[in-house]
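Some notes on the structure that comes next.
The values are calculated or read from the model by the stated rules, or taken from the named source; none is laboratory data. Quantities reported herein were computed from a predicted structural model and do not represent experimental measurements. Cβ sites come from the backbone with ideal geometry, for glycine too, and all protein chains shown count toward neighbours. What goes into the accessible areas is simple: the full protein's heavy atoms, side chains included, and nothing from ligands, DNA or RNA. Shrake-Rupley method; radii C 1.70, N 1.55, O 1.52, S 1.80 Å.
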Amino acid sequence: MTTLLFYSDSDDIGSRVDWWRDTVAEQMPELEFRAWPDAGDLAEIDYALVWKPEPGLLASLPNLKAILSLGAGVDHIFADPQLPQGVPISRVVNENMALRMREWVLLHVLSHHRRQREYDQLQRARVWRDLEQPHAGERCVGVMGLGELGGDSARHLAAIGFDVIGWSRSPREVPGVRAFHGRDGLKAFLAETDILVSVLPLTPETTDMIDADFLSRLPRGASFINAGRGQQVVEADLLAALDSGHISEATLDVFQTEPLPVTDPLWTHPRVTVTPHIAAFTDPRALVRQVVEDIRRVERGAEVTNPVDPARGY
Ligand code: NDP
Ligand code: OXD
């Protein structure tokens with residue numbers, strides 16, 4: 001009997017264990033589904049489907065054949081100092097995830113571009129006034145991360161007329177996007193960017209990357225939109241850049257601490273929009289299809305669908 005262990009530290013996902021059990025059973029009735037903490041004999045677990053597994057959990061499964069991430073990001077798996085070496089890791093990639101991210105990115109880029117925050121203030125004050133509106137081709141949107149999600153958003157930003165540039169670790173070609181890469185390309189990329197969008201994975205290289213020095217390389221008045229990970233941003237430096245006017249506004253979906261603590265100044269900053277890590281989310285049915293596909297592949301000796309490279313960390 002092949003056995004899957006399901007673990008999630010998120011109440012949203014964890015409270016729907018019966019849905020996951022039933023949906024997995026519909027697609028793979030021969031698979032035994034166990035939900036943490038009712039894991040039974042740990043030596044019987046072949047696959048672990050996880051979100052933020054507690055440290056040491058995966059190392060306690062001696063016969064694990066693959067780790068399947070409940071999210072697109074895998075930093076929650078690499079955060080485990082006892083992560084077993086050599087066990088393949090698969091992460092979520094599907095069109096619905098890219099579509100959701102694209103919707104969120106376009107919504108907020110357009111809101112920054114069309115100065116919606118200022119119009120909201122004018123409405124509250126009952127003031128009828130138009131603000132200068134450059135057209136999209138005069139606005140440079142810089143997208144950091146040109147992978148499954150960032151690449152798709154960048155392409156669609158270009159399709160509605162923005163001047164789009166992108167930044168990745170290695171050279172990438174995205175239709176309609178002028179691409180920069182690596183540390184060497186970063187300065188030039190930032191110097192051109194009016195609206196910065198980050199969809200980067202969290203790795204040792206990207207942790208605390210967006211600090212005072214980084215932000216100072218953007219033109220004065222640039223704005224920032226983050227859907228990558230909160231740990232990439234030194235939040236005190238971002239607040240200082242907002243207060244000085246160097247950064248005109250920020251829309252943040254991800255934070256150093258989630259949920260964002262009620263006392264955090266980001267909640268009430270007049271030029272910050274907060275969304276609760278909802279930019280893109282996994283379509284659970286598509287994810288179950290991917291899980292079943294991954295298990296079938298590994299059982300026949302093939303590679304998982306979307307392998308993560310432990311050396312890169314994403
Ligand atoms: P991919 O692995 O497909 O793409 C990652 C991109 O980031 C690649 O272009 C990669 O470069 C680039 N990159 C990685 N490290 C660096 C670096 N050090 N310097 C420059 N570029 C770098 O990931 P996805 O697009 O699927 O997902 C990206 C991230 O989005 C996830 O890891 C997660 O953190 C976040 N996310 C957020 C969600 C939300 O709701 N807020 C939902 C889902 C994901 P290269 O092309 O050279 O490999
Ligand atoms: C993520 C996700 O990685 O929601 O943030 O999938």
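A few comments on the model shown:
- Residue pairs meeting the criteria (Cβ under 8 Å; at least 6 apart or on separate chains; first within 12 Å of ligand 2 (Cβ to nearest atom), in segment 71-86; second among the polar types (S, T, N, Q)): Gly71/Thr282; Ala72/Thr282; Asp75/Thr203; Asp75/Gln231; His76/Ser69; Ile77/Ser69
- Residue list for segment 231-280, filter: in a loop (DSSP other than H, G, I, E, B) and touching a helix residue (DSSP H, G or I) at 6+ places or on another chain (Cβ under 6 Å): Val254, Phe255, Gln256, Arg271, Ala279, Ala280
- Check on Phe281, modelled with pLDDT under 95 and within 14 Å of ligand 2 (Cβ to nearest atom): yes
- Within segment 288-312, residues that are of a type in the set (Asp, Glu) sit with their Cβ atoms under 8 Å from residues that are outside any loop (DSSP other than H, G, I, E, B), at 6+ positions apart or across chains, in these pairs: Asp294/Tyr47; Asp294/Ala66; Asp294/Leu68; Asp294/Ser90; Glu299/Thr2; Glu303/Arg297.
- Arg102 falls short on exactly one of the conditions (1) surrounded by fewer than 19 Cβ atoms within 10 Å (Cβ to Cβ); (2) within 13 Å of ligand 1 (Cβ to nearest atom); (3) of a type in the set (Lys, Arg), and that condition is (1).
- Qualifying positions in segment 213-230 - in a loop (DSSP other than H, G, I, E, B) and either closer than 25 Å to Gly151 by Cβ or touching a strand residue (DSSP E or B) at 6+ places or on another chain (Cβ under 8 Å) (or both): Arg217, Leu218, Pro219, Gly221, Ala227, Gly228, Arg229
For every residue, the table says whether it meets (1) open to solvent by less than 10 Å² (accessible area, probe 1.4 Å); (2) of a type in the set (Lys, Arg); (3) under 29 Å from Thr251 (Cβ atoms).
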| site | (1), (2), (3) |
| --- | --- |
| Ala59 | no, no, no |
| Ala66 | yes, no, no |
| Gln82 | no, no, no |
| Pro88 | no, no, no |
| Val92 | yes, no, yes |
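- For Val141: the one exception among (1) among the aliphatic types (A, V, I, L, M); (2) within 16 Å of ligand 2 (Cβ to nearest atom); (3) part of a strand (DSSP E or B): (2)
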